[in-house]
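One structure, pasted below without further comment.
The values are calculated or read from the model by the stated rules, or taken from the named source; none is laboratory data. All figures in this text were calculated on a predicted structure; none of them were measured in a lab. Cβ placement follows ideal geometry from the backbone for every residue including glycine, while neighbour counts extend to all protein chains displayed.
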Amino acid sequence: MYWTDDRAWSPFAELRSLQRDMNRLFDGNDGGTAMSRFPALNVWGNGENVVVTAELPGIDAADLDINVVNNQLTIKGERKKDKPAEDAVCHRCERGAGAFVRTVSLPFAVESEKVSAGYDKGVLTITLPRNEATKPKRIEINAS
Amino acid sequence: MKENKDKSLERQPESNAEPTREGPVYVPTTDIYEKEDAILVRCDMPGVEQDEVDITLDNNELTITGRQAVAEPEGCDLLSTEYDTGTFQRTFKVPQLIDRDKIQAKLHNGVLDIELPKAEQAKPHKIEIVTGG
C-alpha cells in the first residue's frame, strides 16, 4: 500500500477545509440545523404575489400536500425509497428517503383559492397571490 | 459527519484548476447500485435541464456535471434564500469492465439515472461441476 500524489495528506488542504466549515457554520447554511428546516425554501415576492421554491428531487407530485391558512404555508411530502431493481445491491446510499413537513409564515395573507403549485425537474414552485382585503389602499384626500 | 439533507456538501474541487463559470459547485447526493449485469448510478440533480447534463467516461473515471437553471420568477424580488443554485459535479472511479457503447442515462423529476452495463467478460459465469463417474 502506498499513497498516490493526489491522495496524499496535506495539512494545507485540511486547513482550507476547516476554514470552509467554519465559514459555512457562521453563514447560517449549517447542515446540522438544516434537518429541522427541510426542505430549504427560497421565497420571492412583490406587492401582489409571493413565490416559494424548494428543491425536492425524485418525489411523486401525488405525494406532496400543500396547505394554506391565512399566511401560513405548510408543505408536507414524502420521498419513497426507489430501489431500481429487486436484485440490485446498494454500494453507496446517500440519497435519503422519508416524510417531511415544514410550515412557514408568509409576509401577508393569501387567497387560498388561487394558490397554484408546479413541480418540474425536481423543483417545487408555489405561487400565492395576496389576499385582496389585505392589499394597501390609497386614500384620496377630499380637498374642501 | 453532518447530515447533508440540503446542499451543504458544497466544496471546492480537489484540483487547483478553477472552474470557468462562476457559482458554487455542489456534490450531488448519489446512490450506486450493482446488479448482475450493470452498475447503476443515481444522482439528485434538481433544476437541471436534460441538455445541461454532461456525462463523460475517461478511462475509468466517470464524471457527471449538471448546471442548474436559475429559476427567477418574473417581477419578483428575492425575500429569503435558504439554498443557492450552481453546478453539480462529481467524479467516480468505475471498474474497467464497462461496455462503453451501451451506457444509458435518463433524467426524471430531477433525478439522473446512469446505467453502466458490464462487459460480457465481466459477467459472472456459472461453472458446472462435472461429476466424475
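Read through the list (1) at pLDDT 60 or above; (2) facing another protein chain (nearest Cβ under 10 Å); (3) surrounded by fewer than 13 Cβ atoms within 10 Å (Cβ to Cβ), then give the number of the only condition that A:Ser10 fails.
With respect to (1) at pLDDT 60 or above; (2) facing another protein chain (nearest Cβ under 10 Å); (3) surrounded by fewer than 13 Cβ atoms within 10 Å (Cβ to Cβ), A:Ser10 is out only on (2).
Filter region A:74-102 down to residues that are modelled with pLDDT under 90 and over 27 Å from B:Val27 (Cβ atoms), then give me how many there are.
So the count comes out to 2.
What residue, among those in region B:10-41 that are more than 7 Å from chain A (Cβ to nearest Cβ) and touching a Pro at 6+ places or on another chain (Cβ under 8 Å), is modelled with the lowest pLDDT?
Restricting to residues being more than 7 Å from chain A (Cβ to nearest Cβ) and touching a Pro at 6+ places or on another chain (Cβ under 8 Å), the top hit is B:Pro13.
Starting from residues that are surrounded by 10 or more Cβ atoms within 10 Å (Cβ to Cβ) and modelled with pLDDT of 70 or more, keep the ones in region A:23-37 and report whichever is farthest from the chain's Cα centre (by Cα). Spell out the reasoning first.
Taking region A:23-37 first, the residues surrounded by 10 or more Cβ atoms within 10 Å (Cβ to Cβ) are A:23-25, A:29-35, A:37.
From the residues that got through so far, the ones that are modelled with pLDDT of 70 or more too are A:23-25, A:37.
Working: A:Asn23: 21, A:Arg24: 18, A:Leu25: 19, A:Arg37: 8 Å.
My answer is A:Asn23.
Moving on to the next point. So the check is Cβ under 8 Å with 6+ separation or different chains; which pairs have a first residue in region B:82-101 that's free of Cβ contacts under 8 Å to residues at least 24 places away in the same chain and a second one that's surrounded by fewer than 18 Cβ atoms within 10 Å (Cβ to Cβ) and among the small types (Gly, Ala, Ser)?
B:Asp99/B:Ala119
I'd like the full set of residues that are in contact (Cβ under 8 Å) with a residue 12 or more places away in the chain, within 12 Å of another protein chain (Cβ to nearest Cβ) and part of a loop (DSSP other than H, G, I, E, B), limited to region A:83-120. If you could, list the steps in order and put the result at the bottom.
The initial filter retains those residues of region A:83-120 that are in contact (Cβ under 8 Å) with a residue 12 or more places away in the chain, namely A:95-112, A:114-115, A:117, A:119.
Of the ones still in play, those that are also within 12 Å of another protein chain (Cβ to nearest Cβ) are A:95-98, A:100, A:102, A:104-108, A:119.
Across region A:83-120, the qualifying residues are A:Arg95, A:Gly96, A:Ala97, A:Leu106, A:Pro107, A:Phe108.
In addition: Restricting region B:62-82 to residues that are within 30 Å of B:Glu115 (Cα to Cα) and at pLDDT below 90, which is farthest from the other protein chains (Cβ to nearest Cβ)?
B:Val70
Going by the conditions given, is A:Asn46 touching a Cys at 6+ places or on another chain (Cβ under 6 Å), surrounded by 13 or more Cβ atoms within 10 Å (Cβ to Cβ) and at the interface with chain B (Cβ under 8 Å from one of its Cβ atoms)?
yes
Could you check region A:77-118 and list, in sequence order, the residues that are closer than 30 Å to B:Leu78 by Cα, out of contact with any strand residue (DSSP E or B) (no Cβ under 7 Å at 6 or more places or on another chain) and of a type in the set (A, V, I, L, M)? It would help to see each step written out before you state the result.
Filtering region A:77-118 for residues closer than 30 Å to B:Leu78 by Cα gives A:77-79, A:95-118.
Retained after the next criterion (residues that are out of contact with any strand residue (DSSP E or B) (no Cβ under 7 Å at 6 or more places or on another chain)): A:96, A:109, A:113.
Of everything in region A:77-118, just one residue is closer than 30 Å to B:Leu78 by Cα, out of contact with any strand residue (DSSP E or B) (no Cβ under 7 Å at 6 or more places or on another chain) and of a type in the set (A, V, I, L, M), namely A:Ala109.
Here's a follow-up. Just the residues that are touching a residue at least 24 places away in the same chain (Cβ under 8 Å), buried (at least 20 other Cβ atoms within 10 Å of the Cβ) and under 17 Å from A:Val89 (Cα atoms), please, taken from region B:25-39. Walk me through how you get there before you give the answer.
Step one: list which residues in region B:25-39 are touching a residue at least 24 places away in the same chain (Cβ under 8 Å), which gives B:25-30, B:32, B:36-39.
From the residues that got through so far, the ones that are buried (at least 20 other Cβ atoms within 10 Å of the Cβ) too are B:26, B:28-30, B:32, B:38-39.
Hits for region B:25-39 are B:Thr30, B:Ile32, B:Ala38, B:Ile39.
Considering region B:50-61 alone, what residues qualify as being at negative phi and either within 7 Å of chain A (Cβ to nearest Cβ) or without any contact (Cβ under 8 Å) to a residue 40 or more places away in the chain (or both)?
B:Asp51, B:Glu52, B:Asp54, B:Thr56, B:Asp58, B:Asn60, B:Glu61, listed by residue number.
Output yes when any residue across region A:61-69 is modelled with pLDDT under 90 and more than 30 Å from B:Tyr33 (Cα to Cα), and no when none is.
Checked against the condition, which is being modelled with pLDDT under 90 and more than 30 Å from B:Tyr33 (Cα to Cα), region A:61-69 yields at least one hit.
From the list B:Glu82, B:Glu120, pick out the single residue that is surrounded by 18 or more Cβ atoms within 10 Å (Cβ to Cβ) and of a type in the set (Asp, Glu).
B:Glu82
When you look at A:Gly118, is it under 17 Å from A:Val51 (Cβ atoms) and loosely packed, with under 15 Cβ neighbours inside 10 Å, yes or no?
yes
Take the residues in region B:85-100 that are within 16 Å of B:Lys123 (Cα to Cα) and either of a type in the set (Asp, Glu) or in contact with a strand residue (DSSP E or B) (Cβ under 8 Å, 6 or more places away or on another chain) (or both), then tell me which one is surrounded by the most Cβ atoms within 10 Å (Cβ to Cβ).
Step by step, filter region B:85-100, then rank; the result is B:Ile98.
Separate question: Name every residue in region A:121-132 that is more than 14 Å from chain B (Cβ to nearest Cβ) and either surrounded by 14 or more Cβ atoms within 10 Å (Cβ to Cβ) or free of Cβ contacts under 8 Å to residues at least 12 places away in the same chain (or both), in order of residue number.
Within region A:121-132, just A:Asn131 meets the criteria.
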